[in-house]
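All of the numbers you see were taken from the coordinates with simple rules; none came from a lab. What you are looking at is a predicted structure, and each value in this text was computed from that prediction instead of being measured. Virtual Cβ from ideal backbone geometry, glycine too; neighbours counted across all protein chains shown.
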Amino acid sequence: MSSHVLSGADTIREIRSRQSQTLLAFSLGKDAVAAWLRIRPHFDRVIPVYMYLVPGLGFVQESIDYYEQFFGERIIQMPHPSLHRWLNEHIFRPPEQCVVVEQAGLPDHTYEQVFQVVRQDHGLPADMLYATGVRAADSPMRLVAIKTHGPISQNGLKYHPVWDWRKSDLLREFRHAGVKLAPDYRVFGRTFDGMDVRFLGPMKRHFPRDYQRVLEMFPLAELELFRFERLAA
């Protein structure tokens, strides 16, 4: 590892020397939970932001309620960039609804723009960095990116406080804190982050009301299950 790459602990100390509060990209996943656990002793306040793919899902709100109670901080909810992209690209959309979506003129946006809106709406400094749950152990590409660019991105206004943690570190901290993972892991094996059969099939079985909510937003989503069943036959 390059000597110039800060450890996760040194990364936190560096960011704390610049700001007393921090934003957090909180996906409800294990890495985001780990990031919150690691940074909360070092900042006066952690301000988490969750970006929803489909608004109003009950199992998602269950997790948000739990983590708000566990950490004692309200989680800000914002639309995920993929939600507007799916709508604008008419994913699982019947033709007669396409014109309605087009007339809505939903803007495409990035993660960085979401956080900039949060900063503006909540009176936070425009250059406040946000923490992520990115870990180098997740993929070789992430390791290369960290070793090349370091764990702090001033241009992206983000930093990676758990980039050097392995799964054993996460498990240790979860046990110590007594925190639970989202029900997504029990049903999907990971957090909900897509509109494909990996999520739609289990959701239909385990969260039928939420599945109906998905169909309200994306009426032809059931075609994904139909296609999978036909291919598997």
What is the sum of charges, Lys and Arg at +1 and Asp and Glu at -1, for the other residues whose Cβ falls under 13 Å from the Cβ of residue 141?
+2
DSSP-defined antiparallel bridges as percent of all bridges, the chain, nearest 5
15
Spacing of the two label points (7 Å from each Cα toward its C-beta) at residue 196 and residue 91, in nm
1.1
Using per-residue counts of other Cβ atoms within 10 Å, averaged over each peptide, order 20-29, 162-171 from highest down.
20-29, 162-171
Taking a point 7 angstrom from the Cα of residue 4 along the C-beta vector, which residues in region 139-165 have backbone N less than 11 Å away?
148-150
Prolate/oblate/rounded label for region 64-129 (Cα gyration tensor, a/c 1.5)
oblate
Estimated dipole of region 1-55 in Debye, rounded to 20 [Cβ of Lys and Arg +1, of Asp and Glu -1, Cα centre]
120
Grab the beta carbon distance between residue 181 and residue 205, set R0 = 30 Å, and tell me the FRET efficiency rounded to 0.05.
0.95
